[in-house]
Structure formats: C-alpha cells, structure tokens
Amino acid sequence: MFFDIFKCRFKSLLREKSGFFWTLAFPLILSTLFFLAFSNLNKIDKFEKIKIAVADIQKAGDGFNAALRNSGLFEVSQMDLEQAKKLLSEGDINGYIKCKSANDFELFVQKSDFEESIIKMFLDSYRSSYSSAEKIIASNPASAKDVINLLSEEKTYINEMPSGNGNSTVIYFYSLIAMVCMLSSTYGCSEVIKIQADQSTCAARINVSPSHKLKVFMASISAAFIFEFFVTLIVTAYIKFVLRIDFGTSMAFILLLCAAGCFAGISLGAMIGALVKKPEQVKIGALVSVTMFFSFLSGLMYENMKYIIQKNAPALAFINPVSLVCDGFYSLYYYDTFDRYFLNVSILAAMGILFSAVTYFVLRRQKYASI
Amino acid sequence: MQAFKLYFKIFKRSAFFMVLLYLLIFGLIVALFALNIKSSSDMGFEAQRSRIAVVDNDNSKFSKAFASYINENSQPVELGTGEQAIKDALFFNDADYIIIIPKGFGEDFLKDGNARPQSYSLPNSIRAVYAQRMAESYLKLFDLYIKSGNFSFEQAKENVGADLALKTKTSIVSINKSDTGSLKRTVDYVAYAITCMVILSVSLTMLAIEKGDAKKRNLASPISASKIGLQVFLGNAVVSLICCGMIILLVIAIFREDFFNIYGAWYSLNILIYTLVCLGMSFLIGNLVPKNAVNAVCNVIALGGSFLGGAFVPQSLLSETVKNIAVIDPIFWFVKANNEILSISTFNLKTLSPALYCMLVQLLFAALFFSAAMLVIKYKRTKS
C-alpha cells in the first residue's frame, strides 16, 4: 500500500512540468548564466604594475629615480610633458609626474581610483622620508650616512600571514542550491493539501477511502522528499562537475547538507499547509515569496548580503534555512574545520523535526463533519 | 478602432499589474544605485581609502598611535572575535587588510625596530597593496627617528605626523567629457526591465486576444482580419512605447540634470531602438508560446540576455568566449552601443559610427523577429 501510493505520487511529480521548470530547469539555466557572467569577476581589483610617465626626472635626482624603480609598483617611462599628456589622454598611462625639485612633484591623473592613489601615496611617502631625513640630519649631521642607508634599505615592517584565496562568487551558486532545497516547501505544502478533505477534492476522496491517513501522508511526503532530493543533487552535480565550482573535498557532507536542506524545506511547507487555511495558490505564493526573500538574505542577488546579515543580525541567519544551507556549503569550501558545517546541519535537522512535529499534531485525528 | 480599444481593456486586466511591478523593482534598483553616485561637480582628486581592520592586542602608546594613524587614513572596519571573523571579513571583502598588533609590540619596536605586526589580506589585491604601503611608511619613519637616537617618543610621533602630512599637488586632467559612467550603468540595467515589461505586456495581451471569447467576437465582427491585426499591432506598439517612456522618465527623475545632455539624448535613442527589438520579440513569443509558459520564457530571455549581454556585469569583465556567444543577443548590442556612446568625446558622424552600427544591428534583430512572427502567423492560418 505504502509503496503503491509512493509510486503514484512520484510519477505524478515527474509529470508536473511547471514544478520541473522552476526547481530544475530554471536553477540550471541561472547557474550557467552566473558561471558565464561571473567567471572574470574575481579579477577585479587585482594589482598589476601601474603605468606612469615621469617628466624632468633629472630635477629630482638619482635617489628618486632609484626609489621609483625599486618600489615594485610601477612601469616607468621617461618623456617630456607634452608626450606624457598625450599618453594620459589616450589612456595608455595612469598618470604622469612632473618633477620640480628633489622633493617637489606634481601629479597629473584622469581619475581618483586606487592606481592613481598609489602613485600619489608613493610621492607623499617619498616627500615624508625626505623631510624626516632632513630633520634627523639637521639634529645630528654625523648620522647622515646611517639615515641614507636606512632609507634605501628594502625592509618590510609587517609580516604577511597566509590568507585563504577564496572566490566570493561561489556564494551565488551555494544560494541557488539552497533556494532549490527550500523550494521543496511547495511540494510539502501540496502534499498536505492533498490529504486535507476541506482543501481539495482529491483529499476528500482519499479521506473516504479505507487507507490510514498518516500512511498516505507519509508515502506522498516521502515521494516528494526523494523527488526534491534528486532534483537538488542534479543541480549540485551540474554546478560541481560541469561548471567546476569548488565545494571543498567531501561528497558525503554535500549529500548530507542537501538532504538536511530538503527535509527542512519539505517539513516547513507541510507545516504551513497544515496550519494556514487558505487556498492552495495563496499558500504556494506565500512560500515562494518567503523562499525568494530568504534567498536574497543569503546572497542569491548580492553575495555580501549573507555577510551583512551574519554580522549585523546573526539571529536572522540562524533562523533562515536558505542561509543555513548556503553557510554549510561555504563552511565546507572555506574553513579547515567542520564545526560550523555541523552546526548548520544540526539546526536544519532540528528545524525539520520541529516543523514535522507541528504538522503531525495539527493533522492527527482530524475529522470533517461536513465539507 | 474597436480592436485597439479592446486591446487596452485586456492589457489592463492581464498585464498592467506585472508592468507596474517590474517598474517598481527597476525603480528600487536605480534608486539604490543612485545613492552611490558621486556628485559630478566634484572634479578634484580624492585619494581612495582601503578598508582596514586593526586588532590592537598591545594597547601601548606606540600601538595606539599607529592604529590611530591607520584609522584616520582608511575606512576603519570593526571585526568580530576569532579566526573565522578574519577569514569571513576577507572573503566577503568587508576588510581589504587586517593588521594584528601582538602584545609587547610597542615596547619591542621602540627598543630595536625589529618587532613586527601581522597582516592578513587577499592575495595580490590592489587595495591591500595600498593599505600595506601606507602602514609600512608610518613604521619606517618611526623607525628612522627612533634609531637616530636624538628624539623622544613624543618628538618622534610629532615629527612623523608632520612629515606624513606633506602632500603632493595632484591635478585631474580634464578630458572634455561629462561623467556619465553612472548614468550609463543604469541605462544598461534598463535592458532587463524593458525586456520583462514589454514581453509580459505584449505577449500576455496578445494571447488573451487570440484565445477564447475575445477571438470569437472578433471573428464574428464585420471588421476584416487584417484591420484587427493592424489595430492589435498598433496596441502593441503603443504599450511598448509607454513602457519605454516610463523607464526613461524614471531614469530622468533620478539623474535629473545629468541626463539632459547629448549623452542622455543618444542613450534615449538607443533605449527606443531596443524597445523595438523587444516589441518584435514579444510579438513572436505571443504567437509561439502557450500562456502558462510566458512567465518562464520571459524570465529566461530577460535574465539570460542581461547576463550574457553585459547588462548586469560590465562587458569588459566577460570572457572572450561569452562575448563571442553574446553576438546573437540583442542586449549585447544595446550595451555595446551604450559603451560606444560613453567613449565619445566629440560628437560627429565619424565618432558616432560605432554606436550607430550597434543600433543598426539591433534594428536588424527587430526586423528578424517581426519576420519570424509573420511567418508563424501565416503558418498558423494555413494550418487552421
């Protein structure tokens, strides 16, 4: 009996074209578009040597010339002012420096971006060092040699620690999978509607049949869960193996997270279906809207939104199932430990159990005097 | 003009709400975008500021002075506690550079200049390079004064502050062009909004007219089929132009005087031409796709076209493969035309020809869609 109902519900889910489009085809298309559009996004703000021109460098002296070339920041060309102006207007250089004396310069740029700011900072820094050296030598002329040695010495004052080379665009893909998990709530809601006699004609027919209501519900909700779990796996496999988005190393953890996400989603939908006495369209519409809003908060439309919520309203991140799934994937990808991953999975499982318990207590022993 | 009037009655019932919804969404996006626009009157050079977080575990006089200098010359970022907070801040670009000052740093640095704070940053980030150089120059000057042996801590601090306050005169070279970059990015976004608005309004209204009672009534009326077709097409054109007009008005409302120049005029022409492409596309969809699939088709075309064509992500950041595929996407040519307009300094036929070429390609797309729609209509009539 259980297996027959399971089979029928599974077949009927396979035949729902609209559901298939929004839970499978749409995420596949969207992930492909994300991949095509964001593949070069992590190249923004990468440092490349800044192209500059210097005019009248002889006025600044050899010290400035050496500092400029040893800084490792610039590709330097020496030329006259007119030529430099022409190159700047054509966009071939970021700026040009007009040397007036050993410690007096004028910088010409076209905009105020980081490249131009670095040129200015170098010049400011050179002037500052020059001024410091003058003051120290004035106070103790014998230290001149030491000061010059110290200034010309290539010495770093800050120890750079190894930092992760994370690509934040992966959040878009993780949020997308989390959205697919949570869209399973629409299936959970539909399954509950299909056993409540005052909600649909199909349910009225089921209620007069001699089969146990809970058994029917368990079979249909299991079919919905298995269906949605496979859909989520297809989307995840496509993103991982075809688009080659990094998910960390462990496949088992990815499967567990997808299962926990689908369980939380299905049970949330079932609970809303049982608690809210409104037409199916209203309930589904509300669930889709809430899912999209939760997806927005977890970074589907703007990747930093996840971090903004995590930093400013951490409680909201913990009650948002989409954010929990997304954060689970992020933990697998970026952290060396699994503490945060297991915290996310545990909260999702706890949510699923809580929603299921509420659904059970609402649905049990429900009788209809008249429909 | 009964069919024309009928068109608007049906449009009001079937698509008006959706058009308003998309207009509202677009309005919100543009308004948010406008919040980040710098005033175009501010033409002087303004140095950038990296986002730097300083975690001072020392709290000595020197570490406080160092942290204070960094905070004054950057956008200070507050970090949570623990290693994960550091990793998260770097991953989500909340901080470009994180400096951890260890306990005892101040005392050790002032003793021999060998103590080092630690830094975390994303590899090879230009913002981090900028931040690092800034922090290093402070420590280097302090080291210089302390090692000379003639200056007390307070004197060294004062002198370093005075030396670092020396600034180089920096001038922005005028290139005789208005700052229309922000306006251009907004106009790029128009492609998504206008595609959704025109496809939904035209396709849904046409499908409602072509099905059920409305179609039967039209067939029974004494007006010829060609006249009805013409009036329905006129309705489509008017609705599309209204969508185009509403979008342009919205952009004007946000950018005001920045829009009223030669660039704004050319952007408007480009939007109008792209609206014709959408009209042709919607006309084809309305004749080809069943009603329950219009929403899905609209989303796929608008989102797909916008991502591929560079409406959401600048075309300069798209890979060559994507750009090669995108030549069959009208939004690619719409955005390319905007790019060409933005790059013009002096407007004449020669400088305008690349933009005009992109507009011509869009017109060809429109003609292609109309022709395909006519073929579909003819095929349907022959079949019925």
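The values are calculated or read from the model by the stated rules, or taken from the named source; none is laboratory data. Keep in mind the model is a prediction, meaning the values are calculated, not measured. For neighbour counting, all protein chains shown are included, and Cβ atoms are generated from backbone atoms with ideal geometry for every residue, glycine included. The accessibility values were calculated without ligands, DNA or RNA, using every heavy atom of the protein model including side chains. Shrake-Rupley method; radii C 1.70, N 1.55, O 1.52, S 1.80 Å.
(1) farther than 19 Å from A:ASP45 by Cβ; (2) within 10 Å of another protein chain (Cβ to nearest Cβ): which one isn't true of B:ALA67, the others all being true?
That leaves (2) as the condition not met.
Give me the pairs: first residue in region A:244-265 and closer than 21 Å to A:PRO321 by Cβ, second residue assigned to a loop (DSSP other than H, G, I, E, B) and open to solvent by less than 10 Å² (accessible area, probe 1.4 Å), beta-carbon distance under 7 Å, and six or more apart or on different chains, which are they?
So the pair list comes out as A:ILE254/A:PHE247.
Any residue at all in region A:22-40 that is surrounded by fewer than 20 Cβ atoms within 10 Å (Cβ to Cβ), on the phi < 0 side of the Ramachandran plot, free of Cβ contacts under 8 Å to residues at least 40 places away in the same chain and not hydrophobic (A, V, I, L, M, F, W, C)?
Yes, because at least one residue in region A:22-40 is surrounded by fewer than 20 Cβ atoms within 10 Å (Cβ to Cβ), on the phi < 0 side of the Ramachandran plot, free of Cβ contacts under 8 Å to residues at least 40 places away in the same chain and not hydrophobic (A, V, I, L, M, F, W, C).
Being in contact (Cβ under 8 Å) with a residue 24 or more places away in the chain and within 11 Å of another protein chain (Cβ to nearest Cβ) narrows it down to one of A:LYS49, A:LYS135, so name that one. Spell out the reasoning first.
Numbers: A:LYS135 fails: in contact (Cβ under 8 Å) with a residue 24 or more places away in the chain.
The match here is A:LYS49.
In this structure, does A:SER131 turn out to be at pLDDT below 90 and closer than 28 Å to A:THR156 by Cβ?
For A:SER131, the condition - at pLDDT below 90 and closer than 28 Å to A:THR156 by Cβ - is not met.
Hey, can you tell me all the residues within region A:331-362 that are β-branched (Val, Ile, Thr) and assigned to a loop (DSSP other than H, G, I, E, B)?
A:THR337 - this is the single residue of region A:331-362 that is β-branched (Val, Ile, Thr) and assigned to a loop (DSSP other than H, G, I, E, B).
Could you go through region B:178-194 and let me know if any residue there is part of a helix (DSSP H, G or I), closer than 23 Å to B:ASP56 by Cα, open to solvent by less than 10 Å² (accessible area, probe 1.4 Å) and more than 7 Å from every other protein chain (Cβ to nearest Cβ).
No, because not a single residue in region B:178-194 is part of a helix (DSSP H, G or I), closer than 23 Å to B:ASP56 by Cα, open to solvent by less than 10 Å² (accessible area, probe 1.4 Å) and more than 7 Å from every other protein chain (Cβ to nearest Cβ).
Write out, first by first residue and then by second, each pair whose Cβ atoms fall under 8 Å of each other, whose residues are 6+ apart or on separate chains, and whose first residue, in region B:103-119, is of a type in the set (S, T, N, Q) while the second is surrounded by fewer than 20 Cβ atoms within 10 Å (Cβ to Cβ) and assigned to a helix (DSSP H, G or I).
Listed by first residue and then by second, the contacts come to B:ASN114/B:ASP108.
Of the residues that make up region B:110-127, is at least one at the interface with chain A (Cβ under 7 Å from one of its Cβ atoms) and assigned to a helix (DSSP H, G or I)?
Yes, that holds for at least one residue.
Among the residues of region B:134-144, are any assigned to a loop (DSSP other than H, G, I, E, B), within 9 Å of chain A (Cβ to nearest Cβ), modelled with pLDDT of 90 or more and open to solvent by 20 Å² or more (accessible area, probe 1.4 Å)?
no
Can you pull out every residue in region A:78-128 that is within 23 Å of A:LEU151 (Cβ to Cβ), facing chain B (nearest Cβ under 7 Å) and not in a strand (DSSP E or B)?
Selection gives A:SER117, A:ILE118, A:LYS120, A:MET121, A:LEU123, A:ASP124, A:SER125, A:ARG127, A:SER128.
Report yes if B:ALA115 is within 22 Å of A:GLU154 (Cβ to Cβ), of a type in the set (A, V, I, L, M) and either open to solvent by less than 50 Å² (accessible area, probe 1.4 Å) or modelled with pLDDT under 90 (or both), otherwise no. Please lay out each step first, then the result.
Details: within 22 Å of A:GLU154 (Cβ to Cβ): yes; of a type in the set (A, V, I, L, M): yes; either open to solvent by less than 50 Å² (accessible area, probe 1.4 Å) or modelled with pLDDT under 90 (or both): yes.
Answer is yes for this residue.
Among the residues of region B:332-340, is any touching a helix residue (DSSP H, G or I) at 6+ places or on another chain (Cβ under 9 Å) and not in a helix (DSSP H, G or I)?
Among the residues of region B:332-340, not one is touching a helix residue (DSSP H, G or I) at 6+ places or on another chain (Cβ under 9 Å) and not in a helix (DSSP H, G or I), which makes the answer no.
Mind checking which residues of region B:145-164 are more than 7 Å from chain A (Cβ to nearest Cβ) and in a helix (DSSP H, G or I)?
B:ILE146, B:PHE153, B:GLU154, B:GLN155, B:ALA156, B:LYS157, B:GLU158, B:VAL160, B:GLY161, B:ALA162
Looking at A:GLU134 and the list (1) under 33 Å from the mean Cα position of the chain (by Cα); (2) more than 30 Å from A:VAL235 (Cα to Cα); (3) among the acidic types (Asp, Glu), which single condition is not satisfied?
Unmet condition: (1).
Does A:SER168 fit the bill of being small (Gly, Ala, Ser) and under 30 Å from A:THR23 (Cα atoms)?
It is true that A:SER168 is small (Gly, Ala, Ser) and under 30 Å from A:THR23 (Cα atoms).
Name the pairs: first residue in region B:191-218 and of a type in the set (Phe, Trp, Tyr), second residue part of a helix (DSSP H, G or I) and surrounded by 24 or more Cβ atoms within 10 Å (Cβ to Cβ), Cβ to Cβ under 7 Å, at least 6 apart or on different chains?
B:TYR192/B:ALA302; B:TYR192/B:SER306
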